[in-house]
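Input: a single structure, listed below in structure tokens.
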Amino acid sequence: MFLEVEHRFTFEYDAYISESFLELRVQPKTTTGQTVAAFELAVGPPTSVFRYRDWNDNLTHHFTITKFHDRIEVVARSLVQTHPAGPPVATLPDRPPLSALPYPLRDFLDFGGPVRLTPALRTAHHAVGNGDRAPIGEQVRALGEYIHRTFEYRKDVTRYDSTTEDFMKLQAGVCQDFAHLMLGFLRLRGIPCRYVSGYLHVESKTREPSQSHAWIEFYAPSVGWVPFDPTHNVEVDERYVVVGHGRHYDDVPPNKGIYRGVAEETLAAQVTTQMTAGPGVSSLREETRQIDLPVFSEIPQRRMDRPTTAAQETAAQQQ
């Protein structure tokens, strides 16, 4: 399946800021379950955009704007072919404890960040049952059933920095919270696991805005990393697009940055996905372009509701 993904960010400030730095993780990865055919990143105000791979092999873009501005726009467009080929989770025969784990996997057994090792987590984990000597696949399915039965998907009750403790108190949250709790349970059982950020395509008659999505992968020695979506209590299929891996959300936020100035920031983000035909060429196409937004060497005497860019003026004259 070929999926087109468009991820938009708009950062607005109620006063001019003099400098901003932004880091983005929005470019999908080529993995065993997907191939990236094309990626385009547009940024405004115009500036130089740089890219590196972080310690989890996630593609990370970053840029700095060093003149006065009150708006930043980012548009990331991707074309990805998904072809998941993992075995059914319930059939995995591996049993913990897993001995002689490769050293890098130990990062994915540690608690930290939003995944808190607390008495409440141990109590909830004990309530699941299903002995920790059962095959890993059976354990994952049992944990997924418990989380799905006990917790409610509900927006606007948790924050981007909410912890597993917060989620368990509210018994409600979003995909990020479901993923973090699943990671906590698996790590209590000595099963290496990691957070996955990306997108989930949902069929719709109209091109409606969606959101980023999060799920998990756990490690089984017989096959390697295996994905599972605890929010929906389902195995991952061709509708999922992987952007990044980490120990938890803090390793792979879609955007992270700082700015200099006395201003309040407002962020609007929107994701759209759609199925499409495959490209005519097989090689990866990547492109970076600029969005025409204004910057100023000095703070303007009067802050306009929205400065008009050269591109907007040209468009207006053509209409």
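Quick check on my filter: what residues within region 126-139 are assigned to a helix (DSSP H, G or I) and either in contact with an Asp or Glu (Cβ under 9 Å, 6 or more places away or on another chain) or modelled with pLDDT of 95 or more (or both)? V128, I136, G137, Q139 - these are the residues of region 126-139 that are assigned to a helix (DSSP H, G or I) and either in contact with an Asp or Glu (Cβ under 9 Å, 6 or more places away or on another chain) or modelled with pLDDT of 95 or more (or both). Total residues in region 16-30 satisfying the condition of being part of a loop (DSSP other than H, G, I, E, B) and hydrophobic (A, V, I, L, M, F, W, C): the figure is 1. Taken as a whole, the structure places H148 among residues that are assigned to a helix (DSSP H, G or I), touching a residue at least 60 places away in the same chain (Cβ under 8 Å), within 19 Å of V236 (Cα to Cα) and open to solvent by 30 Å² or more (accessible area, probe 1.4 Å). State whether the residues of region 31-46 include one that is within 30 Å of P300 (Cβ to Cβ) and either part of a loop (DSSP other than H, G, I, E, B) or out of contact with any strand residue (DSSP E or B) (no Cβ under 8 Å at 6 or more places or on another chain) (or both). Within region 31-46 (the criterion being within 30 Å of P300 (Cβ to Cβ) and either part of a loop (DSSP other than H, G, I, E, B) or out of contact with any strand residue (DSSP E or B) (no Cβ under 8 Å at 6 or more places or on another chain) (or both)), the answer is yes, since at least one residue qualifies. Within region 169-178, identify whether any single residue is within 25 Å of H83 (Cα to Cα) and free of Cβ contacts under 8 Å to residues at least 60 places away in the same chain, and answer yes or no. Yes, the conditions are met somewhere in region 169-178.
Residues in region 68-125 that are free of Cβ contacts under 8 Å to residues at least 40 places away in the same chain, of a type outside the set (G, A, S) and in a loop (DSSP other than H, G, I, E, B): P102 only. Restricting L267, L188 to residues that are in contact (Cβ under 8 Å) with a residue 40 or more places away in the chain and crowded, with 16+ Cβ neighbours inside 10 Å narrows the list to L188.
Meeting the requirement of 2 or more residues that are surrounded by fewer than 16 Cβ atoms within 10 Å (Cβ to Cβ) and over 14 Å from the mean Cα position of the chain (by Cα), the strands (runs of 3 or more DSSP E) wholly within region 191-264 are 255-260.
Filtering region 17-36 to residues that are surrounded by fewer than 19 Cβ atoms within 10 Å (Cβ to Cβ) and either more than 16 Å from the chain's Cα centre (by Cα) or of a type in the set (D, E) (or both) leaves S18, E19, F21, E23, T32, T35. Within region 152-168, the set of residues being touching a residue at least 40 places away in the same chain (Cβ under 8 Å) and part of a loop (DSSP other than H, G, I, E, B) comprises Y160, D161, S162, T163. Scanning region 152-185 for residues that are crowded, with 19+ Cβ neighbours inside 10 Å and over 22 Å from V252 (Cβ atoms) yields a single hit, M168. Counting the residues of region 37-89 that are of a type in the set (S, T, Y) and open to solvent by 50 Å² or more (accessible area, probe 1.4 Å) gives 4. What do you reckon, is L98 open to solvent by less than 20 Å² (accessible area, probe 1.4 Å), over 16 Å from the mean Cα position of the chain (by Cα) and either more than 15 Å from E287 (Cα to Cα) or among the acidic types (D, E) (or both)? Against the criterion (open to solvent by less than 20 Å² (accessible area, probe 1.4 Å), over 16 Å from the mean Cα position of the chain (by Cα) and either more than 15 Å from E287 (Cα to Cα) or among the acidic types (D, E) (or both)), L98 does not qualify.
The values are calculated or read from the model by the stated rules, or taken from the named source; none is laboratory data. Note that this is a predicted model, so its numbers are computed, not measured. Virtual Cβ from ideal backbone geometry, glycine too; neighbours counted across all protein chains shown. Only protein heavy atoms, including side chains, enter the accessible area calculation; ligands, DNA and RNA are left aside. Shrake-Rupley method; radii C 1.70, N 1.55, O 1.52, S 1.80 Å.
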